[in-house]
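> Could you have a look at this structure, given as structure tokens, before my questions?
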Amino acid sequence: MPELAYSSTRHRSELRETTDRDLLLAIRGDDEIALDELIRRKTGPLVQLAYRILGDLEEARDVVQVAFFRVWEKRDRFDARWSPNTWIYRITNNLAIDHLRSRKSRERTTEPVRQHLRQVADHRSGGSLADLRQGEVMQIFQELAAELTEKQRMVFLLREVEGLSSQEVAEVLGCRESTVRNHLFNARKLLRRELLQRYPEYAPADLRPAEEEA
């Protein structure tokens, strides 16, 4: 028994030094300790991704738990030629979108957010979006992103927030890179327009309406 415990500990330590691809290959070979290491590495980033889609931290954690279950369930389908992050992100993204679509009620008032931002603006002279706390930025984004299509929202999150390349985003969403670039362009344009209309006090000075600068 002590030898088994030592072997398990040593194997766990070795896995911490391996690449994501080799980790998934180990999982494909039914290595449960490798799955534990994957969970340790990827839980934080995946929860953030799901949270940005769902806007609810508990739901995001639930989705990620299911995502890891799916990784184990579909482990034999992983191909070493694939990008590990792309495969895992695709599973999590699809689950989060499915969860979002299945909500019975998605009504969410935004008035408290507006009131809060107005109060913040009253105590700041020429604030900028970069000065806001992360939570405030997330609240603004959740409201503005409601105006985006599902594809635009996902492209913006994966490309701008998660930092995936256009090719990786295309693989996650199952579309062409040109489509990714088109969705990203439209998402940026719409978000900028909505920011100017709803929260001009947080827009860059050179983008604010002329009458506000007078």
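Yes/no matrix, rows are residues, columns are (1) among the charged types (D, E, K, R); (2) in a loop (DSSP other than H, G, I, E, B); (3) in contact (Cβ under 8 Å) with a residue 40 or more places away in the chain:
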| residue | (1), (2), (3) |
| --- | --- |
| R52 | yes, no, yes |
| E59 | yes, no, yes |
| V64 | no, no, no |
| A67 | no, no, no |
| W72 | no, no, yes |
| D79 | yes, yes, no |
| I88 | no, no, yes |
| N94 | no, no, no |
| L100 | no, no, yes |
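> Assess whether I33 counts as being among the aliphatic types (A, V, I, L, M), surrounded by fewer than 19 Cβ atoms within 10 Å (Cβ to Cβ) and more than 24 Å from K151 (Cβ to Cβ).
Values: among the aliphatic types (A, V, I, L, M): yes; surrounded by fewer than 19 Cβ atoms within 10 Å (Cβ to Cβ): yes; more than 24 Å from K151 (Cβ to Cβ): yes.
Judged against the criteria, I33 is a match.
> Filtering segment 61-83 down to residues that are open to solvent by less than 40 Å² (accessible area, probe 1.4 Å) and under 20 Å from R159 (Cα atoms), which residue is farthest from the chain's Cα centre (by Cα)?
Only one residue fits best here, namely S83.
> Return yes when V47 is open to solvent by less than 60 Å² (accessible area, probe 1.4 Å) and either closer than 18 Å to S165 by Cα or more than 17 Å from the chain's Cα centre (by Cα) (or both) and no when it is not. Explain how you work it out, then say what you get.
Details: open to solvent by less than 60 Å² (accessible area, probe 1.4 Å): yes; either closer than 18 Å to S165 by Cα or more than 17 Å from the chain's Cα centre (by Cα) (or both): no.
Against the criterion (open to solvent by less than 60 Å² (accessible area, probe 1.4 Å) and either closer than 18 Å to S165 by Cα or more than 17 Å from the chain's Cα centre (by Cα) (or both)), V47 does not qualify.
> Could you grab me the full set of residues in segment 164-187 that are of a type outside the set (S, T, Y), assigned to a helix (DSSP H, G or I) and exposed (fewer than 15 other Cβ atoms within 10 Å of the Cβ)? Lay out the reasoning, then the answer.
In the first step, residues of segment 164-187 are kept if they are of a type outside the set (S, T, Y); the result is 164, 167-177, 180-187.
If we keep only those that are assigned to a helix (DSSP H, G or I) too, we end up with 167-173, 177, 180-187.
Residues satisfying the conditions are Q167, E177, F185.
> Within segment 51-60, does at least one residue satisfy the condition of being open to solvent by less than 20 Å² (accessible area, probe 1.4 Å), modelled with pLDDT under 90 and not polar (S, T, N, Q)?
Looking only at segment 51-60, we keep the residues that are open to solvent by less than 20 Å² (accessible area, probe 1.4 Å), and these are 53-54, 60.
Filter once more, keeping what is modelled with pLDDT under 90: 53-54.
Cutting the leftovers down to not polar (S, T, N, Q) gives us 53-54.
Looking for residues that are open to solvent by less than 20 Å² (accessible area, probe 1.4 Å), modelled with pLDDT under 90 and not polar (S, T, N, Q), one finds at least one in segment 51-60, hence yes.
> Given the conditions (1) more than 18 Å from W87 (Cα to Cα); (2) touching a Phe, Trp or Tyr at 6+ places or on another chain (Cβ under 6 Å); (3) among the hydrophobic types (A, V, I, L, M, F, W, C), which single one is not true for L15?
(2)
The values are calculated or read from the model by the stated rules, or taken from the named source; none is laboratory data. The shown structure was predicted, so the numbers you read here are calculated from the model rather than taken from an experiment. Heads up, the Cβs are rebuilt from the backbone with ideal geometry, glycines too, and the neighbour counts pull from every protein chain shown. These area figures cover heavy atoms from the full protein model, side chains too; ligands, DNA and RNA do not enter into them. Shrake-Rupley method; radii C 1.70, N 1.55, O 1.52, S 1.80 Å.
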